[in-house]
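Since every read-out is calculated from the coordinates, none of them should be taken as a lab result. Since the structure is predicted, the reported quantities are computational estimates derived from the model, not experimental observations. Virtual Cβ from ideal backbone geometry, glycine too; neighbours counted across all protein chains shown.
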Amino acid sequence: MRKKIAVLPGDGIGPEVIEQALKVLDAVGDRYDHFFEYCYADVGAVAIDKHNNPLPDTTLETCVESDAIMFGAIGHPKYDNDPNAKIRPEQGLLKLRKELGLYANLRPVTTYPKLLHLSPLKEEKVKDVDLLILRELTGGIYFGTKGRNHDAGTAYDTCEYSIPEIERIAKLAFENAANRRKKVTLVDKANVLETSRLWRDTVRKMAASYPDITLDFMFVDNAAMQLIQYPKNFDVILTSNMFGDILSDEASVIAGSMGLLPSASIGNKTSLFEPIHGSFPQAAGEDIANPMATILSAAMMLESFGLLEEAKLIRTSIKKILEKGIGTPELNPKIIYSCSQIGDFIAHMIAEHEDFSMRQEKMSDGISTII
Ligand code: IPM
Ligand code: MN
């Protein structure tokens with residue numbers, strides 16, 4: 001298979017984690033005879049510095065012409081405390097979502113047995129958590145009419161949804177649930193919001209076409225609580241843009257490390273894959289960031305190409321590594337591996353068909369070629 005991939009490393013640790021994901025993709029390419037062509041483009045603060053625009057037209061063109069996008073992170077402290085700044089890195093991401101029609105954001109949250117102790121929740125609560133948040137990404141209050149009435153001293157943000165907007169993401173939710181534990185929870189605020197009532201009506205009607213899937217409904221305030229108390233009860237969470245933004249950050253702490261959580265933003269043609277962690281500017285250039293979230297995002301990209309075996313190999317490699325207690329400093333402060341070492345390690349495991357235990361022995365003997 002031949003694929004053209006737009007690579008948008010962005011800010012902070014973005015470039016270094018992206019580099020590791022491309023290493024791993026190249027290893028997959030060598031092993032399975034695929035060719036991934038990378039087209040680099042600027043986005044975020046780095047694009048503001050260079051082009052005075054967080055999403056230059058050339059970047060958008062590169063994305064439109066590609067089969068998928070690998071995205072690092074955006075954000076720089078110099079913009080963080082000034083929400084009134086005319087040009088901000090996030091505008092680049094929001095515009096990209098809108099222009100490419102990236103209507104669904106998929107954020108899987110899984111836990112790994114070796115890392116349960118890192119979770120702020122009790123181990124028995126988080127063991128075996130495996131949930132998927134599907135957040136609507138191009139509508140709702142994020143993109144509705146907004147403005148200020150300076151004379152009256154008021155401001156407004158409008159939340160609007162159409163039936164087709166709800167249907168296309170709900171379809172994805174049912175389809176994903178069919179390959180999982182067959183449960184969809186629609187999270188909304190239907191006791192207050194008219195848009196939520198439209199979501200309920202629409203999704204309830206659609207459920208008739210998916211008799212194997214259990215559909216339930218939950219108010220967002222309750223869902224925020226249930227996610228912490230009983231995260232295992234969730235399979236697929238379907239929700240609107242703003243609720244999804246908040247709940248997906250809440251859910252991300254369950255796993256114990258943000259550095260392990262990938263995401264996919266699905267569009268009609270080109271989809272985007274990115275780690276859920278931000279640009280972590282304090283760590284930029286230090287080679288300490290965890291590249292696993294980005295590498296797992298690359299696995300989601302391969303899946304979207306139908307390369308299921310390849311994606312599974314990446315996941316298994318990461319699981320094996322974690323089982324051995326190998327990780328960046330936030331996972332294991334006792335034996336520290338750098339961002340690039342983790343990338344090398346996974347790429348070598350994939351490229352060389354190497355048995356993990358052999359590699360592990362070599363590493364502990366200090367004779368590994370990669371450490
Ligand atoms: C996210 C981020 C963005 C959002 C910001 C950076 C605009 O928080 O991807 O979740 O709110 O969607
Ligand atoms: Mn967010």
Taking Cα pairs closer than 8 Å and at least 6 residues apart, the relative contact order of the chain in percent is 22 percent
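Net charge within 12 Å of LYS78 by Cβ-Cβ distance, Lys/Arg positive one each and Asp/Glu negative one each, not counting LYS78 itself?
Numbers: positive: ARG88; negative: ASP11, ASP49, ASP80, ASP82.
Its environment carries a net charge of -3.
Nearest 500 deg cm²/dmol is fine: what mean residue ellipticity at 222 nm does the chain get from its DSSP H runs of n ≥ 4 alone, each adding -39,500 (n - 2.57), divided by its residue count?
Details: 14 runs with 158 residues, N = 371.
Calculated at 222 nm, the ellipticity per residue is -13000 deg cm²/dmol.
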Scalar couplings 3J(HN,Hα) for the range 49-56 by Karplus 6.51 cos²θ - 1.76 cosθ + 1.60 (θ = phi - 60°), nearest whole Hz, x for Gly and Pro, are 4, 7, 10, 6, 8, x, 9, x
To the nearest 10 degrees, the tilt of helix 89-100 (Cα long axis) against the first principal axis of the alpha carbons of the chain is 80 degrees
A correct Karplus calculation of ³J(HN,Hα) over the range 26-43, with 6.51 cos²θ - 1.76 cosθ + 1.60, θ = phi - 60°, whole Hz and x for Gly and Pro, returns 5, 5, 4, x, 5, 6, 10, 6, 10, 10, 10, 9, 9, 10, 6, 8, 8, 8
Here FRET efficiency (C-beta to C-beta, ASP57 to ILE228, R₀ 45 Å, nearest 0.05) is 0.55
Nearest 10, in degrees from 0 to 90: the angle of helix 241-252 to the longest Cα principal axis of the chain is 30 degrees
Percent relative contact order for the range 106-263, counting Cα pairs under 8 Å at least six residues apart, stands at 37 percent
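Which of the three applies to the range 1-149, rounded, prolate or oblate, going by the alpha-carbon gyration tensor with a ≥ b ≥ c and a/c under 1.5 meaning rounded?
On the way: a/c = 1.73, a/b = 1.13, b/c = 1.52.
Oblate shape, in that a/c is at least 1.5 and b/c is the bigger or equal ratio.
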Reduced to Cα centres, the span from the range 1-20 to the range 157-215 in Å works out to 33 Å
For the range 224-320 the trypsin sites (Lys or Arg not before Pro) that pass both the DSSP coil test and the at-most-13 other-Cβ-within-10 Å test are LYS269
Looking only at lysines whose Cα falls under 28 Å of LYS269's and that sit 8 or more positions away or on another chain, we get LYS3, LYS4, LYS23, LYS95, LYS98, LYS171, LYS182, LYS183, LYS205, LYS312
Rounded to the nearest 10 degrees, the helix 356-365 long axis (Cα) sits at an angle to the longest Cα principal axis of the chain of 60 degrees
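Mind checking the dipole of the chain: about its Cα centre, +1 per Lys or Arg Cβ, -1 per Asp or Glu Cβ, Debye to the nearest 20? Intermediate results must be reported in sequence, preceding the final value.
Working: 41 positive and 52 negative charges, 183 e Å.
I would put it at about 880 debye.
Please report, largest first and rounded to whole Å, the three semi-axes of the ellipsoid equivalent to the range 186-235, where each semi-axis is the square root of five times an eigenvalue of the C-alpha gyration tensor. Could you put the intermediate results ahead of the total?
Numbers: eigenvalues 80, 57, 4 Å².
Ellipsoid half-lengths, sorted descending, are 20, 17, 5 Å.
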Here, GluC sites (Glu not before Pro) of the range 1-95 satisfying both criteria (DSSP loop; at most 12 other Cβ within 10 Å) are GLU65
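Above 35 angstrom, tally the Cα pairs of the chain and express them as a % of all pairs, no decimals. Show your work: numbers first, answer last.
Details: 17068 of 68635 pairs.
Percent of Cα pairs beyond 35 Å in the chain: 25.
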The alpha-carbon center of the range 40-79 and that of the range 267-302 are separated, in whole Å, by 14 Å
Loop-resident trypsin sites (Lys or Arg not before Pro) in the range 68-116 with no more than 11 other Cβ atoms inside 10 Å, DSSP not H/G/I/E/B, are LYS86
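Give me the number: length gained by fully extending GLU194 to LYS269, i.e. 0.36 nm times residue separation minus the C-alpha to C-alpha distance, one decimal in nm.
23.9 nm
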Row for the range 106-263, column shape: gyration tensor on C-alpha, a ≥ b ≥ c, rounded if a/c < 1.5 i.e. under 1.5, prolate if a/b over b/c, else oblate; value oblate
A student applying the Cα gyration tensor rule (rounded when a/c is under 1.5; otherwise prolate if a/b is larger than b/c, oblate if not) would label the range 257-344 oblate
